[in-house]
Amino acid sequence: MERHGDRPAHRTSRARAGPSGGRRRAGRRGSPRGRRAAARGDRRVRPVRYGGRHRGRYHDRHHDRHQPRARAGGRPSVGSPVTTLSSRFRLADTVAERLLRLTAAERHKVGFPGWSAAFPPPLVPFLSHELNNYGDPGSDPVFPWHTKDLERELVDDLAGLFGACPARPWGHVTNGGSEGVLYGLWLARTKHPRAKVYHSRTAHPCVARNAGMLRMENVAVAADVRGEMSYTDLMRRLLADPNPAAIVVATIGTTLTEAVDDVRSIRAALSAAGKRYHLHADAAMSGIPLALHAEGRPVFGLHAQGADSLSISGHKFLGAPFPCGVVLARTRPARHPGTSDLLCGASDSFASSRNGHAALILWYLLKERGISGLRELAHAGRATAEYAQRRLVSAGWPAWRAHRHARTVVFPAPPRAVLETWALPVVRGVSHIVCTPGVSRSRVDRFVAAVGAAIPEPIKDGQPWTTPSRAV
Ligand SMILES: Cc1ncc(COP(=O)(O)O)c(C=O)c1O
């Protein structure tokens, strides 16, 4: 899906500049013509500099000229019609420049799991309205500016996708995957107050951080080279733990390699060690695309053989434009004394005021695309990842994927020249791209071309980089 941000800059600007060249026609920033040019991504617009040593002509002409009283030491003329006009120019200019930088940066966005789906036009008017899903998702606040009814539908739809068995699964919209994990751990601690938290050493750092915030002891379990938890090491550590209960966080798509912990093997280890337990699936990265791929029920789901609670991110696979997520639980959490809220009954969430727009957009994206539309997106991402892996390998750069459904392609960190343009995470010499629905084949082609151009000589056999044996 190639979007406007992927158009080569020279094509857009030259085509519009015409034979007379760009400078005069593009206009100065701040002028109406200049702002229009900036908004459509024309790089020839001359930069505006404000303040400090970059204080420039625009500032002098349009700002200072209209501030005589402030300059003379009088009261600043904030609010005078002329100043308002000039500050509006500045504001529009700053915003246009910001948009320009953002769209330019998105042409090189391959290294992170979030993407910018087109914002649904029917939802745009809602951005001018407060939507506050205050308190417990199960009961409506006294005011009508909320989307809790849609939030409940969203929770039901996701619970269905994850194969939840109870008639009424419980859950709510969060500020992102990390808050979902925090909630899962809190839920687990209410059941098993002194249990340790086990997670793989490749789990997202929010697991250890959240455990620390909740004053729970965490144990990092070994992982294989692809990033999947070692069940032998888990078993060994569980057997050494005298506590009759344990809490395990399974990662469904690790952040660096998209490895998936096997919930069945974790449950088997917990049972063999004779533990009571709570199992949380951190499915922030791959929960939805994997649930869509799986034949039948996903093994990490919310059914009897799955997890007790599960969290996803809404701004990753689904493409919500701001961080958000959903946490789900197989059973409704026990009410805590002291959580009664005068405005909206008892609250089961960490926040009191919660993002009603997040619930609205997640609900809309799920309904609009439907299971078949989402499945197509997941298949397309996997196909792009296969393509990217093939292209990288033929360009002389080794690459692998943790499993056949993975949309993440893992490779040795490319040379610095590539990283200067393409923002990629690098962890101990390992890097990746994530083929979100926003990553097109032509973007992959440009990335591979950049890697190919920067390789001093193709990596030969015998280099320290090895592809893990179970990788694809
Ligand atoms: C596996 C995993 N868990 C949790 C998180 C944190 O999610 P968020 O950034 O939505 O808080 C991430 C983010 O990349 C992740 O990959």
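The values are calculated or read from the model by the stated rules, or taken from the named source; none is laboratory data. From a predicted model like this one, the values you see are computed outputs, not experimental measurements. So basically every Cβ, Gly included, is an ideal-geometry build from the backbone, and we count neighbours across all protein chains shown. Accessible surface areas use protein heavy atoms only, side chains included; no ligands, DNA or RNA. Shrake-Rupley method; radii C 1.70, N 1.55, O 1.52, S 1.80 Å.
Scanning the stretch 270-285 for residues that are open to solvent by less than 10 Å² (accessible area, probe 1.4 Å) and in a helix (DSSP H, G or I) yields one hit, L270. For the stretch 101-120, residues that are of a type in the set (A, V, I, L, M, F, W, C) and open to solvent by less than 40 Å² (accessible area, probe 1.4 Å) total 4.
Beta carbons closer than 6 Å, at least 6 apart along the sequence or on distinct chains, pair a first residue in the stretch 125-143 that is among the acidic types (D, E) with a second that is modelled with pLDDT of 85 or more for E130/W145; D140/K148.
Across the stretch 130-161, which residue is nearest to R441 (Cα to Cα) among those that are in a helix (DSSP H, G or I), among the acidic types (D, E) and over 20 Å from the mean Cα position of the chain (by Cα)? Spell out the reasoning first.
Initially, the stretch 130-161 is screened for residues in a helix (DSSP H, G or I), giving 148-161.
Those left that are additionally among the acidic types (D, E): 149, 151, 153, 156-157.
Cutting the leftovers down to over 20 Å from the mean Cα position of the chain (by Cα) gives us 149, 153, 156-157.
Working: D149: 39, E153: 35, D156: 35, D157: 31 Å.
The qualifying residue nearest to R441 (Cα to Cα) is D157.
If you check A159, A195, A211 for being in contact with a Gly (Cβ under 9 Å, 6 or more places away or on another chain), among the aliphatic types (A, V, I, L, M) and closer than 26 Å to I247 by Cβ, only one passes: A159. A count restricted to the stretch 275-290 and to residues that are over 19 Å from S349 (Cβ atoms) and more than 15 Å from the ligand (Cβ to nearest atom) stands at 4. So which residues in the stretch 388-403 are assigned to a loop (DSSP other than H, G, I, E, B) and touching a helix residue (DSSP H, G or I) at 6+ places or on another chain (Cβ under 8 Å)? Residues satisfying the conditions are A395, G396, W397, P398, A399, R401.
Is the stretch 426-442 home to any residue that is in a helix (DSSP H, G or I), at pLDDT 95 or above and open to solvent by less than 70 Å² (accessible area, probe 1.4 Å)? Walk me through how you get there before you give the answer.
Initially, the stretch 426-442 is screened for residues in a helix (DSSP H, G or I), giving 441-442.
Those left that are additionally at pLDDT 95 or above: 441-442.
Of the ones still in play, those that are also open to solvent by less than 70 Å² (accessible area, probe 1.4 Å) are 442.
Looking through the stretch 426-442, at least one residue is in a helix (DSSP H, G or I), at pLDDT 95 or above and open to solvent by less than 70 Å² (accessible area, probe 1.4 Å).
Would it be correct to say that V142 is open to solvent by 50 Å² or more (accessible area, probe 1.4 Å) and of a type in the set (A, V, I, L, M, F, W, C)? Don't jump to the end; show me each part of the working.
On the way: open to solvent by 50 Å² or more (accessible area, probe 1.4 Å): yes; of a type in the set (A, V, I, L, M, F, W, C): yes.
When the stated conditions are applied, V142 passes them.
One residue stands out among those in the stretch 184-219 that are open to solvent by 60 Å² or more (accessible area, probe 1.4 Å) and within 14 Å of the ligand (Cβ to nearest atom): the one that is nearest to L302 (Cα to Cα), which is H204. For the stretch 333-353, the condition of being modelled with pLDDT of 95 or more, under 30 Å from V142 (Cβ atoms) and outside any loop (DSSP other than H, G, I, E, B) holds for none of the residues.
Looking only at the stretch 304-316, which residues are open to solvent by 10 Å² or more (accessible area, probe 1.4 Å), within 15 Å of A291 (Cβ to Cβ) and more than 9 Å from the ligand (Cβ to nearest atom)?
Initially, the stretch 304-316 is screened for residues open to solvent by 10 Å² or more (accessible area, probe 1.4 Å), giving 304-305, 308, 315-316.
Still in the list and also within 15 Å of A291 (Cβ to Cβ): 305, 316.
Within the stretch 304-316, Q305 is the sole residue that qualifies.
Residues that are closer than 22 Å to W186 by Cβ, outside the structural domain of P412 (by TED's automatic domain parsing) and either surrounded by fewer than 23 Cβ atoms within 10 Å (Cβ to Cβ) or aliphatic (A, V, I, L, M) (or both) do not occur anywhere in the stretch 286-300. Residue pairs whose Cβ atoms lie under 8 Å apart, sitting 6 or more positions apart in sequence or on different chains, and linking a residue in the stretch 381-399 that is farther than 20 Å from T466 by Cβ to a partner that is open to solvent by 30 Å² or more (accessible area, probe 1.4 Å) and of a type outside the set (S, T, N, Q), are R382/R404; R382/H405; T384/R441; Y387/R441; R391/D445. Looking across the stretch 220-267 at every residue that is away from the ligand (no atom under 16 Å from the Cβ) and acidic (D, E), the one that is farthest from R201 (Cα to Cα) is identified as D241.
Do we find a residue being over 16 Å from V451 (Cβ atoms), of a type outside the set (A, V, I, L, M, F, W, C) and out of contact with any Gly (no Cβ under 9 Å at 6 or more places or on another chain) anywhere in the stretch 412-429?
Just the residues of the stretch 412-429 that are over 16 Å from V451 (Cβ atoms), to begin with: 427-428.
Those left that are additionally of a type outside the set (A, V, I, L, M, F, W, C): 428.
Next, from what is left, pick out any that are out of contact with any Gly (no Cβ under 9 Å at 6 or more places or on another chain): 428.
Yes: the stretch 412-429 contains one or more residues that are over 16 Å from V451 (Cβ atoms), of a type outside the set (A, V, I, L, M, F, W, C) and out of contact with any Gly (no Cβ under 9 Å at 6 or more places or on another chain).
Looking across the stretch 241-260, the residues that are out of contact with any Asp or Glu (no Cβ under 6 Å at 6 or more places or on another chain) and either part of a strand (DSSP E or B) or over 11 Å from A406 (Cα atoms) (or both) come down to D241, P242, N243, P244, A245, A246, I247, V248, I252, T255, L256, V260. Taken together, L123, L127 contain a single residue that is under 15 Å from A358 (Cα atoms), open to solvent by less than 80 Å² (accessible area, probe 1.4 Å) and either away from the ligand (no atom under 16 Å from the Cβ) or assigned to a loop (DSSP other than H, G, I, E, B) (or both), which is L123.
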